[in-house]
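Scroll down for the structure; my scribbles are underneath it.
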Amino acid sequence: MSDPHQTPTDEIITISQVTPKPGQYDAFVTLQTAFQTRVAPEIDGLLGGRLFCGDDGKTLVIMARFRSRADLNNWTSSPRFAEHMLRVRPMIEPANPGRFTVLYQSGNV
């Protein structure tokens, strides 16, 4: 039996909970989804992403899966990422992003 704490891949996931400022919800969702649709296929090492809406109708969760920490670091240090963040930061309350590695996986989530 394998070690249950062994990471099955080098994959890393980012999870950010964001709250758009009053009156910015629709504009933020439109900007974020358009950016992801246009740019995601060009990001090296990006395995996929999701945008979730909370039951409160105000909170969003942005999740992205990267093949490796190096791929994520390359993306988050790129000029394209910096430009996008300059556009979206004024639209949202301060976010608390996190980076997570896989300890266990089941299915295709």
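Observations on the structure shown:
- For Glu93, the residues whose modelled amide H falls within less than 5 Å of its own, excluding neighbours fewer than 5 places apart on the same chain, are Thr19, Lys21.
- Using the Cβ-Cβ distance between Leu47 and Arg89 with R0 set to 30 Å, the FRET efficiency works out to roughly 0.75.
- Selection from Tyr25, Phe100, Thr14 lying farthest towards where the dipole of the chain points positive, charges on Cβ: Tyr25
- Accessible-area composition of the chain, carbon plus sulfur, in percent [1.4 Å probe]: 54
- Charge dipole (Cα centre; +1 on Lys/Arg Cβ, -1 on Asp/Glu Cβ; no other charges) of region 50-109 amounts to roughly 240 debye.
- A Förster radius of 30 Å combined with the Cβ-Cβ distance from Thr33 to Asp10 puts the calculated FRET efficiency at roughly 0.60.
- In order through region 65-72: 3J(HN,Hα) via Karplus (6.51 cos²θ - 1.76 cosθ + 1.60), integer Hz, x for Gly, Pro: 10, 10, 4, 7, 4, 4, 4, 4
- Two-site FRET efficiency, Gln24 against Asn74, from Cβ-Cβ distance with R₀ of 25 Å, rounded to 0.05: 0.30
- In sequence order, region 76-84 has phi-based couplings of 6, 9, 7, x, 5, 5, 4, 5, 5 Hz under the Karplus curve 6.51 cos²θ - 1.76 cosθ + 1.60, θ = phi - 60°, and Gly or Pro positions carry x.
- Point-charge dipole on Cβ atoms (K/R +1, D/E -1) for the chain, about Cα centre, debye to 20: 240
- Volume per residue for region 24-104 equals 109 cubic angstrom (convex hull of Cα atoms).
- The phi-based Karplus calculation (6.51 cos²θ - 1.76 cosθ + 1.60; θ = phi - 60°) puts the 3J(HN,Hα) values of region 93-106 at 5, x, 9, 10, x, x, 10, 9, 10, 7, 9, 8, 9, 8 Hz, whole numbers, x for Gly and Pro.
The values are calculated or read from the model by the stated rules, or taken from the named source; none is laboratory data. Please read these numbers as outputs of a predicted model, since none were measured by experiment. We place every Cβ from the backbone using ideal geometry, glycine too, and count neighbours over all the protein chains shown. Protein only, heavy atoms only, side chains kept; ligands, DNA and RNA dropped before computing areas. Shrake-Rupley method; radii C 1.70, N 1.55, O 1.52, S 1.80 Å.
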